[in-house]
1. Would you give the gap between the C-alpha center of the range A:519-566 and the C-alpha center of the range A:415-492, rounded to a whole Å?
2. With label points built 7 Å along Cα→Cβ from the Cα atoms of A:Thr294 and A:Ile321, find their separation and express it in nm.
3. Note the angle between two axes, namely the Cα long axis of helix A:268-287 and the longest principal axis of the Cα atoms of chain A, as a number of degrees from 0 to 90, rounded to the nearest 10.
4. With a ≥ b ≥ c the root eigenvalues of the C-alpha gyration tensor of chain A, is it rounded (a/c under 1.5), prolate (a/b larger than b/c) or oblate?
5. Report, in whole Å, the centroid distance computed from the Cα atoms of the range A:305-345 and the range A:140-209.
6. With +1 on the Cβ of every Lys and Arg and -1 on the Cβ of every Asp and Glu, and nothing else charged, how large is the dipole of chain A about its Cα centre, in debye rounded to the nearest 20?
7. Could you compute how much accessible surface A:Cys181 exposes when probed at 1.4 Å, giving the result in Å² to the nearest 10?
8. When the accessible area of chain A is split by element with a 1.4 Å probe, what percent falls to carbon and sulfur?
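The values are calculated or read from the model by the stated rules, or taken from the named source; none is laboratory data. Nothing here was measured: the structure is a model prediction, and the numbers come from that model. Don't worry about glycine lacking a Cβ; one is built from the backbone with ideal geometry, like all the others, and counts go over all protein chains shown. Just the protein is used for accessible areas: all its heavy atoms, side chains included, with ligands, DNA and RNA removed. Shrake-Rupley method; radii C 1.70, N 1.55, O 1.52, S 1.80 Å.
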Amino acid sequence: MIQLTFPDGSIREYEAGISGLDVAKSISEGLARNVLSVSFNGQTQDTGLPIETNGTIVFNTWNEDEGKSTFWHSSAHLFAEAVEALYPGVKFGIGPAIDQGFYYDIDLGEESLSLDDLPAIEKKMLELARQKNEYVRKEVSKADAIKYFEEKGDEYKLELIDGLEDGQITFYTQGGFTDLCKGPHIPNTGSIKAVKLLKVAGAYWRGDEKRKMLTRVYGISFPKQKELTQHLALLEEAKKRDHRKLGAELELFMFSDRVGAGLPIWLPKGQAIRERLQKFLKDEQEKRGYKMVTTPHIGKKELYVTSGHYAKYGEDSFQPIKTPKDNEEFLLKPMNCPHHCEIFNNRPHSYKELPIRIAEFGTVYRYEQSGELHGLSRVRGFTQDDAHIFCTRDQLKEEFLNVLDLTKVVLDKMGFYEFTAQISLRDPATPEKYLGSTENWDAAEQAIIDATEEVGLKTVTEIGEAAFYGPKLDFMIKDAIGRSWQLGTIQVDYNLPERFELEYIGSDNQSHRPVMIHRAPFGSMERFMSILIEHTAGKFPLWLTPEQFVVIPVSEVFNDYGQSVVNELAKKDITGKVDFRNETIGKKIREAEMQKIPIMLIIGEKEQEEKAVSVRMQGKGDIGSMTLGEFVEFFEVEKEKGE
RNA sequence: GCCGGCAUAGCUCAGUUGGCCAGAGCAGCUGAUUUGUAAUCAGCGGGUCGGGGGUUCGAAUCCCUCUGCCGGCUCCA
């Protein structure tokens, strides 16, 4: 007999060799029907596999991430089966589950796939799913595995097998399709009730741009049709919120082919928001001892040779600008930090001055590959809400906490209440990728870990994601429709102080090297705006929105009163304008609604007599009439709500 | 950069297998209308069919090339 511990802590006894499915059955029929895979001692496996020893067992159903992942992985196999049935002779790369669904890479040979071909594959998948074919696991020897795929002529699977150890190779077969796969899989195809293939795209074999481009098909599947419908509705919603669409509609920013790809141009309304964001951050930073600076947009090439960026990125950057006579070379600045290091170097520093916090909304230029450009979230010219903190090693943790606090204030203000922090550490296996001593790296990584623990931040740790000069902490936020984005970043750097020979005089009258922290709570104004637009769907909170209200007179007779309302409100720092156009009020309201102006003030004879306004809120409709004084109070309350 | 797709008026889109002066709605302009909570009516103007080259008696439509955009891949100091 073996003892199995369940998630609730209870323990039950079973015969050794019992399958996960039978354990589930012993609990309830419903569970047995819904279990997709089991996690035994933290290892996910098929429900049909025997359990031989004592341990903990977790049942993964659709409600668990593990369950979804198993379900989607099995769906990828079903997809491959359908593709093979419709396109005989194709070869397969890999087909994993991802966050939202699955994909499979296919070598179609002479064939090609377009979006129009997908419905036929979906249909085939559902047809095969209804056969309720079991996913049958089989352990095979390496020799047999090679033999199978040699006969099939699938060099991709052979290459995968090449990297596996004999004795650890398994095949899974469902219906007429067999795949190299370590599993686990759901019991049978019958639970896959709804399928949608979403995208066709190219993907390099093994992510290597020198190797063959395969056709990747992305899809998602569900145990219920209703869930697919909901998912598609969510995708629809995301499309509506697309910042590129809203940015154009609300006239926040634009691009111009003549100016160049990836070079955003901020229009007056976008700029108004941008300035309010910057003012907010500047005020918060001033409270925390930051000093603003301005540095030029270009710098001598040697500056970046010194910083190490030239060696690392020089080839892939905008190339140097040359002066006409002396042939000096200048680079568009890709970063602000070398300039800020020179500010630190401007004069000697005592330990008593530290930490020194230098902030700049610094516009930088980076050559992003043409295929990378995407709205405001990936551009070639952008403004970082940058700052560099120069401190002693002993101050590192406290400064880190200070930055964490600032970041939290910023996220709260913006309405991002759900976030995690990702700690990116170096990969000890590839030390050649990193600059600086092991000792310094250890200390920096420890400072980040300690600080996040001290404030009880929810964190995930990623090995190998560190920057080349130091470990970092990135904030991952969840937006209003549940998507994750990476926002601000905090990075510890021992490297630049070394390269720029930064020094301060300690209490011992000796020279010491300061530590540097790079940080940007927004990340960049451009990227942050893109996320904010999609998070709010263009309905910015009152304190941020470029036009807080519009006055709509019912006829031009009341234009003068309308202007006096605007003037009165301007005194209270409430900004808006009168819509003087000769249009019906229905039309003016419609346009204000579509422009997402939060407040419409309709005025006519009654309002003029009573020094009042009739208030309509965007998306909510008419909320009644109030005097101007009452409106100012109402506005302040609404503004607080939005914060 | 790579693979695939797309590019018609300011915007959203029609334009059948190459064939008369390339269309619609919205926006714009002019005029009428003076409006009470999501589109008032009428008239008018507007397009080198993304740029360049080619095939053809004839190209928005077919081919090449450049630019830009979209979906991915790779990359992201």
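1. Cα centres, the range A:519-566 to the range A:415-492: 35 Å.
2. 1.6 nm
3. So the helix axis and the longest Cα principal axis differ by about 90 degrees.
4. Oblate.
5. 48 Å
6. That gives a dipole near 1280 debye.
7. 10 Å²
8. Within chain A, the accessible surface is 48 percent carbon and sulfur.
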